[in-house]
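*Asks:* This is the structure, below, for whatever I ask next.
The values are calculated or read from the model by the stated rules, or taken from the named source; none is laboratory data. Owing to the predicted nature of the structure, the values given are computational and were not obtained by experimental measurement. With ideal geometry, Cβ positions are generated from the backbone for all residues, glycine too; neighbour counts draw on all protein chains shown. Heavy atoms of the whole protein, side chains included, go into the accessibility calculation; ligands, DNA and RNA do not. Shrake-Rupley method; radii C 1.70, N 1.55, O 1.52, S 1.80 Å.
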Amino acid sequence: MKASIVQLDWTQGNEITLLENGSDFFPRLCEAIDTARHSVHLETYIFTLDRTGRQVLLSLLNASRRGIKVRVVVDGFGAADTAPHLVSVLQQAGARVMVYRPEPKWFAKWIPSRQRLRRMHRKIAVIDGELGFVGGINIIDDYDDLTPEAGPSVPRFDYAVALRGPIVAHAAHIQKLLWLHLNWLRLGRHPSTW
């Protein structure tokens, strides 16, 4: 198979702010969701309903109840334990939620499949098409899984960036492509939802 050439367009006039760990990232993300005027689109591999996850979920629910267009995509493996609850509560509030490659039920879980290894590891949020967040931080608390036996409490070491400027349109575009792809897959499996 011939490799295709990917051309990246350089854009000027961007503002990129480094966010270190959840202590920088989550307050900025929640504030952005809380002040959204039109839309919030969040994609994450893991969405745990710990202290931090509940705060992000509350911000998403409040935004949706204010009439903001809220879309959330979670991975079917990374958020396997929380996806059903997330889908239920967010949809009740008027948000749209998709699960990328949901985990099979019952005994099918134990049947090996290469298809199940393809996961959505993206962590991207775009608010109002003007502010973006991209990085390696999932929706999970930095401190909740640390034990006193492990030594002094230190957060998970990870980064994200807050984006403003023309580059945000690129992040929004790839989110739209994934959303379109997931809708086509759903339509193939459930034509009555058209």
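*Asks:* Looking at ALA80, ALA3 in this structure, which one is modelled with pLDDT under 95, of a type in the set (A, V, I, L, M) and under 15 Å from the mean Cα position of the chain (by Cα)? Lay out the reasoning, then the answer.
*Replies:* Working: ALA3 fails: under 15 Å from the mean Cα position of the chain (by Cα).
Every option except ALA80 fails the conditions.
*Asks:* Next up: Mind listing whichever residues of the stretch 17-32 are open to solvent by less than 40 Å² (accessible area, probe 1.4 Å) and polar (S, T, N, Q)?
*Replies:* Listed by number, the list holds a single entry, ASN21.
*Asks:* Further question on the same structure: Residue pairs, Cβ under 9 Å, 6 or more apart or interchain, first in the stretch 88-104 and free of Cβ contacts under 8 Å to residues at least 24 places away in the same chain, second basic (Lys, Arg) and not in a loop (DSSP other than H, G, I, E, B). List them.
*Replies:* What qualifies is PRO104/ARG116.
*Asks:* Could I ask something else about it? Being more than 14 Å from the chain's Cα centre (by Cα), at pLDDT 95 or above and part of a loop (DSSP other than H, G, I, E, B) is the filter here, so list the residues in the stretch 38-60 that pass it.
*Replies:* Passing the criteria: only HIS38.
*Asks:* Follow-up question, since we're still on this one. Out of all the residues in the stretch 83-117, which are polar (S, T, N, Q) and either in contact with a Pro (Cβ under 6 Å, 6 or more places away or on another chain) or at pLDDT 95 or above (or both)?
*Replies:* We begin by selecting, within the stretch 83-117, every residue polar (S, T, N, Q); these are 88, 91-92, 113, 115.
Matches in the stretch 83-117: SER88, GLN91, GLN92.
*Asks:* In this structure, is THR35 within 18 Å of ILE124 (Cβ to Cβ) and either buried (at least 22 other Cβ atoms within 10 Å of the Cβ) or modelled with pLDDT of 95 or more (or both)?
*Replies:* Working: within 18 Å of ILE124 (Cβ to Cβ): no; either buried (at least 22 other Cβ atoms within 10 Å of the Cβ) or modelled with pLDDT of 95 or more (or both): yes.
Considered against the rule, which asks whether it is within 18 Å of ILE124 (Cβ to Cβ) and either buried (at least 22 other Cβ atoms within 10 Å of the Cβ) or modelled with pLDDT of 95 or more (or both), THR35 comes out as no.
*Asks:* Which one is surrounded by the most Cβ atoms within 10 Å (Cβ to Cβ) among residues in the stretch 43-73 that are of a type in the set (A, V, I, L, M, F, W, C) and farther than 19 Å from GLY129 by Cβ?
*Replies:* Applying the filter and picking the extreme gives PHE47.
*Asks:* Go through (1) open to solvent by less than 20 Å² (accessible area, probe 1.4 Å); (2) closer than 20 Å to ILE137 by Cβ; (3) among the hydrophobic types (A, V, I, L, M, F, W, C) one by one and return the number of the condition ALA80 breaks.
*Replies:* So the condition that ALA80 fails would be (1).
*Asks:* Related question: Considering each residue of the stretch 118-136, count those that are in contact with a helix residue (DSSP H, G or I) (Cβ under 7 Å, 6 or more places away or on another chain) and either of a type in the set (Asp, Glu) or modelled with pLDDT under 95 (or both), and give that number.
*Replies:* Matching residues across the stretch 118-136 total 1.
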